[in-house]
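Engineer: One structure is given below, represented as structure tokens, and several questions about it will come after.
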Amino acid sequence: MKLRDFILRRLILAIPVVFGVMTMTWFLSYIIGNPVAMYINTNTPASAIPAIRRAHGFDEPLYVQYFLYLSGLFQGDWGISTSTSFRPVTEIILLKFPATIELSMIAMIFAIVLGIPLGILSATHKDQKIDHIMRIFALAGVSMPIFWFALMLKHVLYFQLAIAGLPHLPGGERYTLIRYLSFKYTTGFLLIDSLFFYGDFTLFVDALLHLAMPGFCLGYLTIAIITRMMRSSMLEVLREDYITLARSKGLTERVVIYRHALRNAMIPTVTVIGLAFGSLITGAVLTETIFNWPGLGKWAVRAIFSSDLAAINGFTLLVAFIFVTANLVVDLIYGVLDPRIRFG
Amino acid sequence: MSSESIQAMAEGSNDMEGRGTQFQILALIQLIVSMMGFMFGGTVVLGSLAVMMGGLEAGSWLFLTAWFVQSIIILILSYMLLRIGIALLNRDMWAFSAALYLNLLLVLVFLTIGGAGTIFATAAIVPVVVLFLPDVKKYWYPSFYEDTVPRIKELRHALYLIRKSPLVVAGIVILVCFVAIALLAPFITTYGPEQRIWADSNLPPGSPSSVEGMPDHIWGTDDSGGDIYSRLIWAAQVDLRISLSVVIVAVMIGTFIGAVAGYYGGKIDELVMRVTDVFFAFPGLILCMAIVMALGEKSLDTISIALMVVWWPTYARLVRGQVLAEREKLYVEAARSIGASDGRILLFHIIPNTIQPLIVQSTMDVGSVLLTAAGLAFIGFGPPAGAAEWGLMIAIAQLYFSMNQYAIFFPGMAILLTALASNLVGDGLRDILDPKLRRR
């Protein structure tokens with residue numbers, strides 16, 4: 001199969017999944033849940049409810065409702081978030097999305113920068129002390145309740161240090177509110193805004209410090225996943241014949257590992273990195289609530305408490321779309337990196 | 001088959017006339033036991049249903065459900081024993097070993113009921129005793145022995161490998177400890193799950209209670225004066241029950257759907273795979289949130305249902321892939337050629353050969369389900385504040401974070417240890433159960 005055909009086929013396969021995702025959210029909130037609840041509250045007179053039902057098409061047959069829902073989604077009408085001063089869900093998502101992405105990106109950078117070297121180290125020192133330490137570190141990451149880890153980090157690096165009067169990491173928010181007060185975002189990414197649009201380096205450093213703790217906390221699971229994957233794929237590659245050949249040619253261990261083994265060992269790791277986006281966004285829901293991060297996750301949790309069905313629905317849809325896209329991109333990269341996949 | 005066993009069989013057929021009555025007595029006892037099982041199971045099923053219909057006081061539903069499930073199992077076993085009893089009359093070879101296993105199983109189930117169950121258990125052990133009478137034993141035991149020895153050898157080798165890896169042993173020990181602690185909760189706790197002494201709020205570990213005569217707070221108290229140590233142990237019951245029941249139900253649903261999809265292929269397979277694709281498009285926690293939200297009730301039961309809905313596709317995928325690989329193999333062809341039905345081939349030939357990755361995956365998922373459930377409870381989907389549940393305990397304690405860290409530390413540690421143990425066991429089992437890796 002040619003590369004172009006492969007990409008096309010993969011793209012076409014993603015379409016039913018996207019429709020399935022939309023059907024699923026529709027099913028959840030419009031069949032099991034009560035969609036009218038979105039538009040009424042305790043002050044709505046009971047006599048007005050039929051009119052509301054009619055206005056939003058909830059008295060139509062189910063297939064018409066489904067069609068209305070889908071067309072609404074495509075036109076950007078994702079409902080109205082009752083918990084966020086009745087503004088459209090899409091508007092709030094656009095507003096809050098950059099904060100979450102910035103956090104996830106930092107977490108991802110942590111994960112890649114730490115995870116890959118740790119995995120290599122673990123594989124090259126198999127069954128030695130350092131390997132055991134790395135494996136336990138990774139295993140703890142996989143089984144760590146992320147909200148608890150966040151609270152513990154905050155306790156040690158923020159509360160305890162602050163009580164002792166030592167320099168400490170900030171415990172929440174995106175920047176020191178008292179110093180910079182209200183801040184007008186241009187792109188929404190604070191790191192980019194502060195450097196390129198404001199030219200304020202202290203704000204940049206401040207934002208970085210604020211990102212450090214939630215970023216590491218969020219990234220820990222991904223670090224663990226990448227370390228484990230890197231270790232096992234590296235061990236597998238190191239058993240191959242061409243590595244033996246490279247060694248018998250008299251190449252140094254360094255060259256064998258970083259030139260020859262690493263490239264092939266990276267292929268499964270790239271997949272895992274792509275798939276980890278899902279876990280990052282899941283983790284963001286928990287991390288953001290603890291670090292008071294004004295992103296999508298915290299918004300979603302707020303929405304839950306006020307039973308804001310449209311917000312949850314929109315959030316679920318968005319996350320699913322991101323996840324599907326990430327999977328798609330991973331598959332495409334995989335196909336480019338490893339020609340065997342295309343023919344399989 | 002060894003020469004002795006052939007000889008034994010030959011002898012058996014020679015003086016069949018002499019021992020015919022013994023076999024008939026065995027079959028008769030077997031039939032009586034199965035009838036007793038029917039009676040017992042039927043009575044308990046009807047009784048518990050009647051009590052359920054008639055409304056019941058709070059708290060007793062757990063026992064009723066347990067009874068109901070136990071008696072259903074007894075009914076199924078009794079039916080199988082009825083079939084075995086008929087087969088024993090015809091002296092089918094398979095019926096002897098099946099009778100041995102199933103009677104022992106029945107004894108176990110009866111023993112878990114307690115009370116009158118013990119009497120029935122003694123009755124169910126009679127056929128086992130009869131099976132081992134020297135004359136009867138001579139007929140079936142040699143071929144059974146030949147069948148079993150390699151299996152036992154394999155099992156002992158696996159046990160040896162497990163003993164040899166310290167991490168798996170550590171995981172198993174932790175898991176067993178947690179289960180034991182959860183079961184023994186009424187005896188080792190000093191306070192009730194929702195018992196509070198308001199005067200004692202936010203105490204550090206080891207401090208005595210301010211009320212005269214109340215026991216010390218070993219691990220301190222939370223914001224509303226609940227004893228952390230006791231609440232933690234009570235919560236172990238809740239959390240372990242959620243994660244185990246979710247994994248068991250998800251494995252059953254997933255195995256069924258995956259096996260059917262893989263075995264029949266075609267349109268069913270295509271449909272199932274597209275549906276699982278959609279489920280895989282959502283991260284677990286987020287989909288659970290949406291499902292709980294749609295169900296509209298925030299409780300542990302809705303969390304369990306949501307987790308079951310989210311988790312089955314993993315197993316369906318896994319089993320389907322395995323079944324696809326197995327179904328073309330020669331032994332399946334052989335089973336089909338002697339006229340075994342599709343259900344029989346799937347249940348007794350294919351699924352036992354695909355079960356190993358399933359065991360590994362489900363062991364590891366006990367931990368991930370626990371993490372997700374605790375996360376959901378932490379966000380606020382769980383039971384109402386005050387219930388003993390690890391995630392919820394952290395969520396509440398988080399509000400008083402700066403004054404009292406112990407209320408966060410201990411429940412989190414419990415979650416971490418349980419998840420870690422299940423990952424350790426799953427990780428180790430993967431290496432041990434893989435026949436390609438183990439004989440090296």
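The values are calculated or read from the model by the stated rules, or taken from the named source; none is laboratory data. In this text, all values refer to a predicted model and were calculated from it rather than measured experimentally. Here the Cβ positions follow ideal geometry from the backbone for every residue, glycine too, while neighbour counts run over all protein chains shown.
Engineer: Check whether at least one residue in region B:351-359 is at pLDDT below 85 and at the interface with chain A (Cβ under 9 Å from one of its Cβ atoms), and report yes or no.
Structural biologist: No, region B:351-359 contains no residue that is at pLDDT below 85 and at the interface with chain A (Cβ under 9 Å from one of its Cβ atoms).
Engineer: Something else about it: Of B:Thr118, B:Thr65, which residue is polar (S, T, N, Q), in contact with a Leu (Cβ under 9 Å, 6 or more places away or on another chain), surrounded by fewer than 18 Cβ atoms within 10 Å (Cβ to Cβ) and more than 13 Å from B:Leu26 (Cα to Cα)?
Structural biologist: That would be B:Thr118, the only listed residue that is polar (S, T, N, Q), in contact with a Leu (Cβ under 9 Å, 6 or more places away or on another chain), surrounded by fewer than 18 Cβ atoms within 10 Å (Cβ to Cβ) and more than 13 Å from B:Leu26 (Cα to Cα).
Engineer: Can you tell which of B:Val310, B:Val247, B:Val238, B:Val251 is within 28 Å of B:Leu175 (Cβ to Cβ) and in contact with a Cys (Cβ under 6 Å, 6 or more places away or on another chain)?
Structural biologist: Just a single option satisfies the conditions, and that option is B:Val310.
Engineer: Kindly indicate whether any position in region A:177-195 is in contact (Cβ under 8 Å) with a residue 12 or more places away in the chain and on the phi > 0 side of the Ramachandran plot.
Structural biologist: There is at least one residue in region A:177-195 that is in contact (Cβ under 8 Å) with a residue 12 or more places away in the chain and on the phi > 0 side of the Ramachandran plot.
Engineer: For B:Ile253, are the conditions met, namely being in the same structural domain as B:Tyr400 (by TED's automatic domain parsing), more than 17 Å from the chain's Cα centre (by Cα) and at pLDDT 85 or above?
Structural biologist: No: the conditions fail for B:Ile253.
Engineer: Is it true that some residue in region B:302-312 is over 30 Å from A:Val36 (Cα atoms) and either crowded, with 19+ Cβ neighbours inside 10 Å or in contact (Cβ under 8 Å) with a residue 24 or more places away in the chain (or both)?
Structural biologist: The answer is yes; a qualifying residue exists.
Engineer: Considering only region B:400-426, state which residues are touching a residue at least 12 places away in the same chain (Cβ under 8 Å), of a type in the set (S, T, N, Q) and either within 8 Å of chain A (Cβ to nearest Cβ) or not in a loop (DSSP other than H, G, I, E, B) (or both).
Structural biologist: If the condition is that a residue be touching a residue at least 12 places away in the same chain (Cβ under 8 Å), of a type in the set (S, T, N, Q) and either within 8 Å of chain A (Cβ to nearest Cβ) or not in a loop (DSSP other than H, G, I, E, B) (or both), then B:Thr418, B:Ser422, B:Asn423 are the ones that fit.
Engineer: Here are the criteria: (1) crowded, with 17+ Cβ neighbours inside 10 Å; (2) assigned by TED's automatic domain parsing to the domain that holds B:Ala397. Tell me which single one B:Ser143 does not satisfy.
Structural biologist: Against the list (1) crowded, with 17+ Cβ neighbours inside 10 Å; (2) assigned by TED's automatic domain parsing to the domain that holds B:Ala397, B:Ser143 comes up short only on (2).
Engineer: B:Val136 passes all but one of (1) farther than 30 Å from B:Ala98 by Cα; (2) out of contact with any strand residue (DSSP E or B) (no Cβ under 7 Å at 6 or more places or on another chain); (3) at pLDDT below 85; which number fails?
Structural biologist: (1)
Engineer: Still on this structure, please answer the following. Of the residues A:Ile136, A:Ile178, which is farther than 21 Å from A:Phe97 by Cβ, within 12 Å of chain B (Cβ to nearest Cβ), loosely packed, with under 15 Cβ neighbours inside 10 Å and not aromatic (Phe, Trp, Tyr)?
Structural biologist: One residue alone meets the criteria, A:Ile136.
Engineer: Can you tell me which residue within region A:19-30, out of those that are aliphatic (A, V, I, L, M) and within 8 Å of chain B (Cβ to nearest Cβ), is farthest from B:Phe280 (Cα to Cα)?
Structural biologist: Ranking the qualifying residues of region A:19-30, first place goes to A:Leu28.
Engineer: Take the residues of region B:365-393 that are assigned to a helix (DSSP H, G or I) and more than 9 Å from every other protein chain (Cβ to nearest Cβ): which is farthest from B:Ile291 (Cα to Cα)?
Structural biologist: Filtering region B:365-393 for residues that are assigned to a helix (DSSP H, G or I) and more than 9 Å from every other protein chain (Cβ to nearest Cβ), the one farthest from B:Ile291 (Cα to Cα) comes out as B:Met393.
Engineer: Can you name the helices (runs of 4 or more DSSP H) wholly within region A:218-337 that have at least 1 residues being in contact with a Cys (Cβ under 7 Å, 6 or more places away or on another chain) and either within 13 Å of another protein chain (Cβ to nearest Cβ) or at pLDDT 85 or above (or both)?
Structural biologist: It comes to A:262-290.
Engineer: Ok, one more. Test of understanding: among A:Glu60, A:Glu91, which residue is at negative phi and not in a helix (DSSP H, G or I)?
Structural biologist: Of A:Glu60, A:Glu91, the one residue that is at negative phi and not in a helix (DSSP H, G or I) is A:Glu60.
Engineer: With respect to B:Ile350, is the statement that it is farther than 15 Å from B:Phe256 by Cβ and in contact with a helix residue (DSSP H, G or I) (Cβ under 9 Å, 6 or more places away or on another chain) true?
Structural biologist: no
Engineer: Which count do you get for residues in region A:139-148 that are within 8 Å of chain B (Cβ to nearest Cβ), in a helix (DSSP H, G or I) and within 16 Å of A:Gly283 (Cα to Cα)?
Structural biologist: Looking only at that region, the number is 5.
Engineer: Can you tell me how many residues in region A:37-53 are part of a helix (DSSP H, G or I), surrounded by fewer than 16 Cβ atoms within 10 Å (Cβ to Cβ) and either within 14 Å of chain B (Cβ to nearest Cβ) or not polar (S, T, N, Q) (or both)?
Structural biologist: Selection size over region A:37-53: 7.
Engineer: In the list B:Phe378, B:Phe401, which residue meets the criterion of being assigned by TED's automatic domain parsing to the domain that holds B:Arg430 and within 28 Å of the chain's Cα centre (by Cα)?
Structural biologist: Among B:Phe378, B:Phe401, only B:Phe378 is assigned by TED's automatic domain parsing to the domain that holds B:Arg430 and within 28 Å of the chain's Cα centre (by Cα).
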